Amino acid sequence: DAGITQSPRYKITETGRQVTLMCHQTWSHSYMFWYRQDLGHGLRLIYYSAAADITDKGEVPDGYVVSRSKTENFPLTLESATRSQTSVYFCATLDPSGANVLTFGAGSRLTVL
Amino acid sequence: GENVEQHPSTLSVQEGDSAVIKCTYSDSASNYFPWYKQELGKGPQLIIDIRSNVGEKKDQRIAVTLNKTAKHFSLHITETQPEDSAVYFCAATSTNTGNQFYFGTGTSLTVIP
């Protein structure tokens, strides 16, 4: 089916471990984004990408790494997870040539023990 | 950068009453203002949006108003129904921000049957 797929939907890990959250889209939208959602903070931008091999920091990038070797994939890696990274993570895409609508995936809930 | 403030953080209304959520923004260059609805366990979904060249937009029971001079915009839901219960987010963006969307902290709306 067309759309955005995030995996895993739920993940429990331990402090210090590396975790990768995957995001895959079928639309070939040029822009992709990673947000984290925390109570009281709303949605905060971690990283975004304007196209394959182009990435840029958002509001809260520390502790995260991204890559975008293909237009359809935008993985988010926590190289050494910390408890403060316990959150719900949302991937989103944007087609700037269209209606400029930001479309979200279903989210990945990460718990760091 | 842009700063979006949203009020109230929680809102309870009786079924059939109206609900109003307000947002302010700081960057006068912002020109696109979407509203998202997030149901439990799901990603945010666009419900209505407005561009800076329009003062009001309506779609059935929901409407959005924009006051560019005062830099605020509001979501109005009339004849509320229990299925309107969700978290609502406002956002602002402009071409100057490289397609970055700035979100408010969310409003948890509860419609009491």
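Taking 2.2 N^0.38 Å as the expected size of a compact globular protein, what ratio does the Cα radius of gyration of chain B give against it, to two decimals? Don't skip to the answer; put the middle values down first.
Numbers: Rg = 13.5 Å, N = 113, 2.2 N^0.38 = 13.3 Å.
Here the answer is 1.02, to two decimals.
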Run the 1.4 Å probe and let me know the accessible area of B:Ile47, rounded to the nearest 10 Å².
50 Å²
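Please average, across the residues of A:102-113, the number of beta carbons from any other chain that are within 10 Å of each residue's own beta carbon, and give a whole number.
Numbers: counts 12, 4, 7, 3, 3, 5, 0, 1, 0, 0, 0, 0.
Mean partner-chain Cβ count within 10 Å for A:102-113: 3.
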On alpha carbon coordinates alone, what is the Rg over Rh value for chain A, Rh being the Kirkwood radius?
0.95
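Would you mind telling me the antiparallel percentage of the DSSP bridges in chain B, rounded to 5? Write out the running numbers ahead of the final one.
Working: 36 of 41 bridges.
Within chain B, antiparallel bridges account for around 90 percent of the total.
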Accessible area of B:Ser26 in the full protein assembly, 1.4 Å probe (Å², nearest 10):
60 Å²
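Take the residue pairs A:Lys57/B:Lys71; A:Lys11/B:Lys42; A:Lys57/B:Lys57; A:Lys11/A:Lys57; A:Lys57/B:Lys22; A:Lys11/B:Lys37 and return only those whose Cα atoms are more than 22 Å apart. Present the calculation step by step, with values, prior to reporting the outcome.
Values: A:Lys57/B:Lys71 26 Å; A:Lys11/B:Lys42 16 Å; A:Lys57/B:Lys57 33 Å; A:Lys11/A:Lys57 24 Å; A:Lys57/B:Lys22 29 Å; A:Lys11/B:Lys37 24 Å.
Beyond 22 Å between Cα atoms: A:Lys57/B:Lys71; A:Lys57/B:Lys57; A:Lys11/A:Lys57; A:Lys57/B:Lys22; A:Lys11/B:Lys37.
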Is there a simple number for the mean count of other chain Cβ atoms within 10 Å of the Cβ of residues in B:28-40, and what is it?
1
For the stretch A:1-28 and the stretch B:49-72, write down the distance between their C-alpha centroids in whole Å.
34 Å
Hey, if we sort A:Asp53, A:Asp95, B:Asp49 by accessible area with the 1.4 Å probe, largest down, what's the order?
A:Asp53, A:Asp95, B:Asp49
Under a Gaussian network model of chain A whose springs join Cα atoms within less than 10 Å, the largest fluctuation of A:Tyr35, A:Tyr47, A:Tyr64 belongs to A:Tyr64
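If you average 1/r over all unlike Cα pairs in the protein assembly as shown and invert the result, what Kirkwood radius do you get in angstrom?
18.1 Å
The values are calculated or read from the model by the stated rules, or taken from the named source; none is laboratory data. Remember, it's a predicted structure, so these values are computed and weren't measured experimentally. Here the Cβ is made from the backbone with ideal geometry for all residues, glycine too, and neighbour counts use every protein chain on show. The accessibility values were calculated without ligands, DNA or RNA, using every heavy atom of the protein model including side chains. Shrake-Rupley method; radii C 1.70, N 1.55, O 1.52, S 1.80 Å.
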